[in-house]
Amino acid sequence: MAKALLTLISKEVKELLRDPKILIGIIVMPLILFPAMGSAIGVSQRAVSRAVRRMAIAVYDEDEGSASQELIEFLSKDNDVFIIEAENLDEALRRFMEAESSILLYIPDGYSERMTSGERCMLRIYVHLRRLNMAETGKASSVEQLLTMYGEECSLRRIRRILEEAGEELQPEAVRRPISISYASILKGVVLDVPPGAIFGIIMSQNIMLPVMIMMMNVFAVQMAATSIALEKEQKTLETLMTLPIGRMTILAGKLFGSIIIAIAGAVSYMIGFSYYMRSTLGFIPQLTIETLKEAGLRLSPLGLTLLGVIIFLTLLLSLALSLSIAVFAEDVRGAQSLVGLIYIPIMIPSIILMFTDVDMLPAGLRWLMLIIPYTHTVIASKALFLGRYTPVLLAVACMLVFTTITLYITTRIFSTERIITARIRRWRLRYGG
Amino acid sequence: MKAVEVKGLIKRFGDFEALRGCSFNVDEGEVFGLIGPNGAGKTTTLRIIATLLRPTSGSVKVFGLDVERRADEVRRMISYLPEEAGAYGNLSGEEYLRFIASFYSDDVEEMVEEGRRISGLGERLRDRIKTYSRGMVRRLLLARTLMTSPRLAILDEPTSGLDVIYAYEVRRLIKEYAEERGITILLSSHNMLEVEYLCDRVALIDGGVIIEEGSPGELREHYGAENLEEAFMEATGRG
């Protein structure tokens with residue numbers, strides 16, 4: 001039995017891996033596509049940040065006073081400022097639109113006077129959306145930040161002067177902002193000098209990455225199993241296989257494990273590509289958060305890791321058994337791929353919904369609907385594991401065990417009857433052929 | 001002991017009755033042919049004997065073992081070549097032979113060597129099967145069917161879809177192997193000349209029932225026909 005099983009698994013892996021569609025589409029493509037996408041986005045982001053770092057700012061100084069001069073000098077320190085000479089704002093705007101710069105700062109008449117007398121001043125930024133790209137909005141917010149900084153500086157200067165005049169020995173910063181807040185988070189009994197937002201960010205990253213990984217692994221597993229059985233039908237090898245001196249259970253196990261191996265290889269390849277993509281675009285899990293994750297005990301314990309392995313294994317078995325049971329009715333690979341598309345819906349829905357919320361937070365009807373989808377329990381378990389809550393994990397394992405056993409039983413029944421040879425769906429009707 | 005005993009075999013697919021009480025015996029060591037037109041029930045009969053389908057009623061025994069109740073044991077004694085069989089395109093011919101051999105013998109190499117000899121494909125066995133012609137695939141499949149030295153080889157239309165030269169080669173291989181090893185061969189064909197050349201005894205099947213059984217010579221004599229084709233037409237009332 002063991003020798004026959006190993007022979008079958010080896011054949012399955014060879015057959016699937018040598019299929020260019022599978023090798024390129026599932027193993028090689030994620031390793032090329034995601035890093036390529038990541039690099040492309042990274043390059044464009046770097047180009048944006050370069051463009052934002054030193055900007056060309058057009059200024060229409062209607063005021064032409066001492067305060068406006070001081071502001072222009074401040075902006076000129078790190079940027080290329082050029083003054084637009086015009087009779088009025090309309091003319092200034094016309095000239096600005098003809099110029100290269102996409103940012104115009106309008107300093108209205110009376111700005112210096114209001115600034116000197118301590119009144120609130122109004123400035124206006126015009127953004128010329130020529131190319132509708134990120135750099136244009138980035139520049140606008142950068143100018144706004146510069147002006148806020150300048151405003152802060154003016155404010156402190158004013159407070160200092162008032163305090164000197166009043167003979168008060170107070171710190172201008174303390175007068176301006178009397179309260180300063182720093183955060184700490186308490187998680188699983190550990191006090192961390194980290195704001196809760198950062199912890200939430202880490203958990204979110206786990207909540208997104210793990211369900212995505214499990215979802216992808218299942219999608220690959222479904223594809224592999226469907227392809228594996230459909231290839232037997234397409235290549236007309238199924239009848240021969242079924243008359244070899246090996247048990248039907250061994251044939252089924254060979255298909256399940258062969259598909260699992262390719263599915264895991266596909267998922268690993270996908271995750272390598274995907275994490276490179278995340279790193280190169282968003283810096284998704286910076287080193288600081290990984291250290292915090294360890295400090296907070298948000299990483300998996302050996303028991304957690306084992307339970308995660310169990311739940312992933314059960315989920316994969318369920319997907320494969322479902323896929324084989326459905327794909328058996330197809331006559332070729334294309335037909336099988338279309339039929340097993342039905343399984344993607346219950347795989348994806350829980351992963352997507354539970355990425356953003358918990359099942360307990362859903363309305364009662366939807367909650368029960370979610371709970372009868374086996375894949376919901378996988379996502380629940382994977383989330384609970386990171387928080388060290390083992391009771392819901394064990395419940396999820398029990399649920400998955402029941403779902404998987406029932407599905408495997410049905411698959412075994414299909415494999416041990418003649419239905420595997422005769423039944424096929426054509427135009428959504430079951431037909432039998434002899 | 002009879003190699004195959006088929007008694008009152010009925011097989012229904014939904015409302016369609018493919019076999020309507022089919023009965024015949026195959027003696028050990030003989031080459032037995034099932035002859036009949038398309039849709040006569042040949043493939044269904046062979047699939048039942050090969051444990052792929054289950055009889056609706058009636059009994060089928062292979063070397064005394066019931067194909068339904070003792071399917072696993074039957075599978076160890078038979079080797080089945082379906083009419084439209086293929087092989088794993090992404091494996092090489094040699095890998096395919098080794099794959100099959102590993103289920104039958106501990107001495108895989110000896111069996112694979114036998115497969116190489118029967119197939120006559122030489123160096124081409126190292127190439128992927130998807131690069132083979134239809135004739136080459138059929139020879140490879142025949143090699144894998146016979147190399148395991150089964151007690152009963154079931155060959156469904158062994159030369160189907162082959163050109164004259166390949167068909168001749170395959171027929172020669174079957175005859176040579178049957179004489180050399182003395183194994184029982186049960187084959188189906190609608191090619192009467194092929195059956196006459198290969199078979200010791202034949203059964204004429206039409207509409208899911210056996211209408212006549214005997215050696216090609218007996219059948220020719222019985223119907224006063226020059227060949228099996230004429231005998232078949234007479235026997236089925238089409239002559």
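The table for this structure:
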| item | result |
| --- | --- |
| Neighbour-count ranking [beta-carbon atoms within 10 angstrom, fewest first] of A:63, A:358 | A:358, A:63 |
| Helix A:333-356 vs. chain A, principal-axis angle (Cα, 0 to 90°, nearest 10) | 50 |
| Average beta carbon contacts from partner chains per residue of B:72-81, 10 Å cutoff | 3 |
| Shielding by other protein chains, B:50-63, mean Cβ within 10 Å | 2 |
| Approximate spin-label separation residue B:211-residue B:175, in nm, with each point projected 7 Å along Cα-to-Cβ | 2.8 |
| Nearby lysines by direct alpha-carbon distance to residue A:11 (threshold 26 angstrom, same-chain neighbours under 8 apart not counted) | A:3, A:21, A:233, A:236, A:255, B:130 |
| Pairwise FRET efficiency - residue A:366 versus residue A:6, Cβ, R0 = 45 Å, nearest 0.05 | 0.50 |
| GNM result for chain A, Cα springs below 10 Å: residue of A:408, A:129, A:23 fluctuating most strongly | A:129 |
| Approximate spin-label separation residue B:123-residue A:198, in nm, with each point projected 7 Å along Cα-to-Cβ | 6.8 |
| Cubic angstrom per residue, convex hull over Cα atoms of the protein assembly as shown | 242 |
| Evaluated at q = 0.09 Å⁻¹: base-10 log I(q)/I(0), Debye formula over Cα of region A:54-176 | -0.30 |
| Full-stretch length increase - residue A:33, residue A:87 - with 0.36 nm per residue and alpha-carbon distance subtracted | 14.0 nm |
| Stretch gain in nm, segment residue A:23-residue A:212, where the contour uses 0.36 nm per residue and the Cα spacing is subtracted | 65.9 nm |
| Computed [θ] at 222 nm, deg cm²/dmol, the protein assembly as shown (DSSP H ≥ 4; -39,500 (n - 2.57); rounded to nearest 500) | -19000 deg cm²/dmol |
| Taking A:406, B:185 and counting other C-beta atoms within 10 Å, the order from fewest to most | A:406, B:185 |
| In order through region A:361-376: 3J(HN,Hα) via Karplus (6.51 cos²θ - 1.76 cosθ + 1.60), integer Hz, x for Gly, Pro | 8, 7, x, 3, x, 5, 4, 5, 4, 5, 6, 8, 8, x, 5, 4 |
| Stretch gain in nm, segment residue A:117-residue A:394, where the contour uses 0.36 nm per residue and the Cα spacing is subtracted | 92.7 nm |
| Inter-label distance, nm, simple model (7 Å from Cα along the C-beta direction), residue A:236/residue B:56 | 2.6 |
| Within-10-Å neighbourhood charge of residue B:192 [Cβ basis; K, R +1; D, E -1] | -4 |
| For chain B, built as a Gaussian network whose Cα springs stay under 10 Å, the top-fluctuating residue of B:229, B:123, B:83 | B:123 |
| Highest-MSF residue in chain A out of A:167, A:247, A:42 [GNM, Cα springs under 10 Å] | A:167 |
| Exposure proxy order (Cβ contacts within 10 Å, fewest to most) of A:128, B:222 | B:222, A:128 |
| Percent RCO, i.e. relative contact order, over chain A, from Cα pairs under 8 Å lying at least 6 residues apart | 19 |
| Antiparallel bridges, percent of DSSP beta bridges restricted to the protein assembly as shown (to nearest 5) | 55 |
| Two-site FRET efficiency, residue A:352 against residue A:175, from Cβ-Cβ distance with R₀ of 60 Å, rounded to 0.05 | 0.75 |
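Here, each number is a calculation from the coordinates, and none is a lab measurement. Model, not experiment: these values are computed from the prediction. Cβ atoms come from the backbone with ideal geometry, glycine included; neighbour counts cover every protein chain shown.
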